[in-house]
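Data block below; observations after.
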Amino acid sequence: MKIVVLLLLIAVGSVLFHLVSPWYWTPIASNWEYIDHTITITFWITGVVFTAIVLFVAYCVYRFRYKPEQRAHYEPENRRLEGWLTLVTAIGVVAMLAPGLIVWHQFVTVPKDASAFEVVGQQWQWSYRYPGKDGKLGAADIKHITDENPLGLIAEDPHGQDDVIIQGDDLKVPLGKPVKVLLRSVDVLHDFYVPEFRSKMDMIPGMVTYFWFTPTRTGTFDVLCAELCGQGHAYMRSKVVVVPEAEFHAWLDQQPTFAQLQQTAPAKIRQAAK
Amino acid sequence: MVDIPRGPTPPQIIPDTVPPDYMPPPAEVKEVELYHAHSWITKYVFCQDAKIIALQYAGTALAIGFVALVLSWLMRLQLGFPGLLAFIDVNVYYQFITIHGMVMVIYLITAIFLGGFGNYLIPLMLGARDMAFPYLNMLSYWVYLLAVLMLVASFFAPGGPTGAGWTLYPPQAILSGTPGGQQSGILLMLISLILFVAGFTMGGLNYVVTVLQGRTRGMTLMRMPLTVWGIFTATVMALLAFPALFVACVMMLFDRLLGTSFFMPSLVEMGQHLKYGGGSPILFQHLFWFFGHPEVYIVALPAFGIVSDLISTHARKNIFGYRMMVWAIIAIGALSFVVWAHHMYVSGMNPAFGFFFAVTTLIIAIPTAIKVYNWVLTLWRGNIHLTIPMLFAIGFIVTFVNGGLTGLFLGNVVVDVPLSDTMFVVAHFHMVMGVAPILVIFGAIYHWYPKITGRMMNEAMGQVHFWVTFAGAYLIFFPMHYLGLLGVPRRYYEMGETAFVPPSAHTLNEFITVMALIVGAAQILFVFNLLWSLRYGRDAGPNPWQATTLEWQTPQTPPGHGNWGKELPAVYRWAYDYSVPGAPEDFIPQNQPPQRAATQASLQPAPGE
Ligand code: HEM
Ligand SMILES: [Cu+2]
Ligand SMILES: [Cu+2]
């Protein structure tokens with residue numbers, strides 16, 4: 001009978017743990033509260049099913065435990081019951097899947113007015129690139145990477161000259177504006193992950209992947225790498241700062257452009273060599 | 001039916017019910033030309049008897065599984081008490097994760113279910129003398145052993161084993177930033193996997209042919225115990241899925257050794273332009289998961305089958321909805337080949353695939369749910385003996401339902417976005433494909449040990465083992481989901497400073513580590529019990545659980561070479577005639593002719609009538 005008690009403890013304890021334990025998602029900072037809602041729906045449906053099944057097993061074990069004079073019931077099949085259970089399951093599945101697919105559709109449909117910026121992963125650090133005044137990111141290719149041009153911008157592309165490159169510093173994004181994050185990697189797989197934004201995406205050398213979101217509150221958040229990328233994986237960190245739009249533009253205007261960096265970089269390197 | 005003169009007639013749904021005037025045909029197969037061992041070496045070492053091969057497989061799998069268990073202790077110590085063990089640096093930690101994951105999934109669980117239980121149970125449950133190709137079967141084990149030794153060798157190779165994670169994703173898997181990437185670690189891993197697949201294929205062909213061709217008279221497909229259905233379907237799946245892993249390994253080996261670029265785009269590693277170019281890392285992921293997802297069900301389906309038989313036998317009740325169970329197994333097996341990319345929702349593949357794979361993934365939930373309903377409905381109005389196998393079966397239901405339900409989060413593409421690559425995933429797959437199948441393996445060992453050795457395993461030690469393992473594993477992995485919900489990523493050597501992880505989460509980590517140590521220790525008791533009972537276990541007799549299936553009806557216990565005496569058994573009924581109304585006992589063996597049941601029933605009134 002101990003097993004009955006344990007099963008009751010598991011059913012009740014799991015629900016209580018869910019409700020009262022201090023560990024739950026971090027407060028959201030993006031427009032993807034829909035994802036949180038879908039998780040909540042899924043918690044409800046799965047929670048009810050889990051508790052029901054565990055309690056049912058507990059009841060069976062209690063009620064039908066072995067007694068010498070007792071005989072099990074002989075009933076190989078019950079088509080009606082099996083049909084009903086299948087139907088109810090299918091309804092539950094649809095109730096979870098439908099909102100999920102609707103939100104996924106939003107997730108993969110980038111709004112037209114989203115402004116793009118680029119995140120580049122590299123063992124084991126993050127770099128960021130914003131389009132300059134022309135609003136366009138210049139073309140880049142891994143083949144063009146050199147010490148002075150770590151992101152591999154193609155010098156012939158005029159759009160790239162005014163791009164702003166941030167290395168070894170925080171990423172900044174404007175509050176309340178949809179942004180499209182373009183993801184590149186120069187060496188291995190990485191994954192740009194900010195828990196508060198509820199979104200992440202792998203970065204693959206040779207490809208440009210993306211996702212989008214709208215920051216909904218100001219603050220500083222951790223950037224983590226979520227794809228095992230070698231020894232430094234756990235230390236591949238950065239910060240993203242959500243700031244009001246005006247502040248964002250003021251900050252961006254002060255950053256040196258790719259063209260400016262190209263002029264100073266050789267000098268710096270020559271200095272370092274001495 | 002004529003064989004049961006009184007009591008309610010069992011509904012007319014048992015497939016192939018025997019006509020009343022049925023007489024068994026004469027034994028067609030008197031004595032197969034079996035290889036007869038003459039020396040100790042051919043009897044116990046290079047042995048062609050499926051039963052010995054089964055034990056060799058199981059013993060090797062458990063031994064290497066213990067290594068994986070110890071690795072999990074060490075990893076948990078690092079996570080709960082960072083820096084406590086100085087020798088676990090970043091590299092060592094990633095090597096431990098990789099080998100732990102790979103061993104648990106492939107070299108332990110897959111090997112023990114198919115090579116261990118498959119070899120032991122298929123011929124016995126189907127009334128065959130041995131596997132169809134005994135020599136190939138023997139070879140299968142030795143190639144598997146070689147694969148295991150290769151894996152072990154990587155611990156002693158320069159640079160140690162690979163630390164690429166059990167998914168071995170390129171490009172990092174073969175580059176210098178990953179432990180073993182530019183040394184021999186990754187090479188030994190790939191070669192070991194290639195050998196494993198080759199060895200498995202030899203065994204797998206055997207299991208399939210034996211199920212299709214080796215069944216005894218009267219053993220129709222729809223009379224096979226669900227254990228055989230589960231192992232059979234899993235084997236067919238494995239034969240279709242492992243080739244994807246095989247080619248992926250070969251291609252990666254070429255990339256690493258010959259400089260091809262199947263999976264390698266042009267890239268700059270640590271400021272160095274490498275010679276690779278034009279390959280696709282995502283191609284590897286598709287190949288890996290085309291194997292990897294079916295792999296989940298390759299370990300799940302044998303567990304499904306075995307647990308059905310454990311529940312039915314120990315609840316003294318026929319499995320509820322046998323035909324539905326068979327179809328569910330087949331449906332799950334087929335569907336699991338069209339869901340692989342649910343592991344790749346955030347891999348950067350075309351996001352439109354997300355719609356398709358989310359739908360297929362959630363559809364699989366339906367046949368899976370049916371199986372769960374049928375297990376619990378088998379308990380309903382049963383006569384439940386709380387034996388050790390039954391306890392483990394109950395533990396399986398709880399952990400499997402829990403892990404299956406969290407799968408609905410991860411399968412639902414958009415919900416997976418925040419959760420993928422976090423501890424939520426780690427908790428989910430441990431629950432559903434780690435703990436749940438392992439509980440079945442334990443239950444199955446307690447259940448069949450008496451047949452294998454002729455002795456019962458010690459009950460008191462079994463109780464302790466069950467309680468600590470089941471409750472402990474639940475306490476390890478249930479709270480772990482919430483770490484993932486917080487956002488704690490997986491495969492992190494240490495969490496370090498973050499704004500979103502509260503200090504209390506660290507207390508939870510310590511708790512999980514302590515539980516992991518306790519659960520691990522309980523496994524030592526289990527191994528002790530295995531050995532102790534060999535000598536001191538209670539005598540079991542031929543059929544201690546009063547089970548219906550053929551392996552319990554062998555003339556000798558443990559079964560001798562060739563399994564059966566002069567004649568193979570003939571089968572007259574399905575595997576689940578438990579508590580048939582009017583029958584004298586609460587079980588009727590599959591090989592009991594209808595007439596005999598009738599006479600006996602008319603001589604002595606059934607109890608409770
Ligand atoms: C008490 C038993 C176990 C404990 C304490 C344990 C612990 C762990 C830990 C700490 C990790 C690393 C998590 C991370 O990424 O940070 C891990 C990974 C893993 N475990 Fe287990 N484990 C156990 C049993 C099993 C079993 C039975 C399986 C069989 C399926 C399994 C399969 C895996 C796999 C596939 C990985 C992923 C490896 C990777 O990320 O490459 N584990 N385990
Ligand atoms: Cu990383
Ligand atoms: Cu899968």
Discussion item. Give me the residue from segment B:467-495 that is more than 7 Å from chain A (Cβ to nearest Cβ) and farther than 25 Å from B:GLY407 by Cβ and, out of that set, farthest from ligand 1 (Cβ to nearest atom).
Written reply: B:TRP467
Response to the item:
In segment B:383-424, residues that are more than 27 Å from A:TYR193 (Cα to Cα) and either in contact with a His (Cβ under 6 Å, 6 or more places away or on another chain) or in a loop (DSSP other than H, G, I, E, B) (or both) total 6
Fill in: Of residues in segment B:342-373 being among the small types (Gly, Ala, Ser) and within 16 Å of ligand 2 (Cβ to nearest atom), the one surrounded by the most Cβ atoms within 10 Å (Cβ to Cβ)
B:GLY348
Item to complete: Give the residues of segment A:37-59 that are more than 30 Å from A:GLY100 (Cβ to Cβ) and either surrounded by 20 or more Cβ atoms within 10 Å (Cβ to Cβ) or within 7 Å of chain B (Cβ to nearest Cβ) (or both), sorted by residue number.
Response: A:ALA58
Discussion item. Among the residues of segment B:123-168, what is the count of those that are more than 23 Å from B:GLU567 (Cβ to Cβ) and in a helix (DSSP H, G or I)?
Written reply: 22
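Hey, does segment A:60-71 have a residue that's part of a helix (DSSP H, G or I) and surrounded by 19 or more Cβ atoms within 10 Å (Cβ to Cβ)?
yes
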Discussion item. Just to verify a result, which residue in segment B:378-396, among those that are surrounded by 23 or more Cβ atoms within 10 Å (Cβ to Cβ) and facing chain A (nearest Cβ under 8 Å), is nearest to A:LEU101 (Cα to Cα)?
Written reply: B:ILE394
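A:ASP147: facing another protein chain (nearest Cβ under 10 Å) and of a type in the set (Asp, Glu), yes or no?
Answer is yes for this residue.
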Practice prompt. Output yes when any residue across segment B:496-513 is out of contact with any helix residue (DSSP H, G or I) (no Cβ under 9 Å at 6 or more places or on another chain), of a type in the set (Ser, Thr, Tyr), farther than 15 Å from A:ALA234 by Cα and within 8 Å of another protein chain (Cβ to nearest Cβ), and no when none is.
Written response: yes
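From A:VAL110, A:VAL119, A:VAL93, which residue is β-branched (Val, Ile, Thr), within 14 Å of another protein chain (Cβ to nearest Cβ) and out of contact with any strand residue (DSSP E or B) (no Cβ under 6 Å at 6 or more places or on another chain)?
A:VAL93
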Item to complete: Could you please let me know if A:VAL243 is away from ligand 2 (no atom under 16 Å from the Cβ), more than 26 Å from B:ASP416 (Cα to Cα), surrounded by 17 or more Cβ atoms within 10 Å (Cβ to Cβ) and among the β-branched types (Val, Ile, Thr)?
Response: yes
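Condition check ((1) within 30 Å of A:LEU151 (Cα to Cα); (2) assigned to a loop (DSSP other than H, G, I, E, B); (3) in contact with a Leu (Cβ under 7 Å, 6 or more places away or on another chain)) across all residues:
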site: B:VAL250; (1), (2), (3): no, no, no
site: B:ASP255; (1), (2), (3): yes, no, no
site: B:GLY278; (1), (2), (3): yes, yes, no
site: B:ASP309; (1), (2), (3): no, no, yes
site: B:LYS317; (1), (2), (3): no, yes, no
site: B:MET324; (1), (2), (3): no, no, no
Fill in: B:THR513 being away from ligand 3 (no atom under 16 Å from the Cβ) and touching a residue at least 60 places away in the same chain (Cβ under 8 Å)
yes
Fill in: Matching residues in segment B:268-281 - criterion: being crowded, with 20+ Cβ neighbours inside 10 Å and either under 12 Å from A:LEU189 (Cα atoms) or acidic (Asp, Glu) (or both)
B:GLU269, B:PRO281
Practice prompt. Only residues that are of a type outside the set (Phe, Trp, Tyr), more than 9 Å from chain A (Cβ to nearest Cβ) and in a helix (DSSP H, G or I): list them for segment B:333-360, please.
Written response: B:GLY333, B:ALA334, B:LEU335, B:ALA341, B:HIS342, B:HIS343, B:THR360
Worksheet item: Of the residues B:GLY411, B:GLY407, B:GLY462, which is within 15 Å of ligand 1 (Cβ to nearest atom) and among the small types (Gly, Ala, Ser)?
Response: B:GLY407
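So, in segment B:287-302, how many residues would count as being within 14 Å of another protein chain (Cβ to nearest Cβ) and near ligand 1 (Cβ under 10 Å from one of its atoms)?
Residues in segment B:287-302 being within 14 Å of another protein chain (Cβ to nearest Cβ) and near ligand 1 (Cβ under 10 Å from one of its atoms): 0 in total.
None of the figures in this text is laboratory data; all of them are computed from the coordinates on show. Because the structure is predicted, anything quoted here is derived from the model rather than measured. Here the Cβ is made from the backbone with ideal geometry for all residues, glycine too, and neighbour counts use every protein chain on show.
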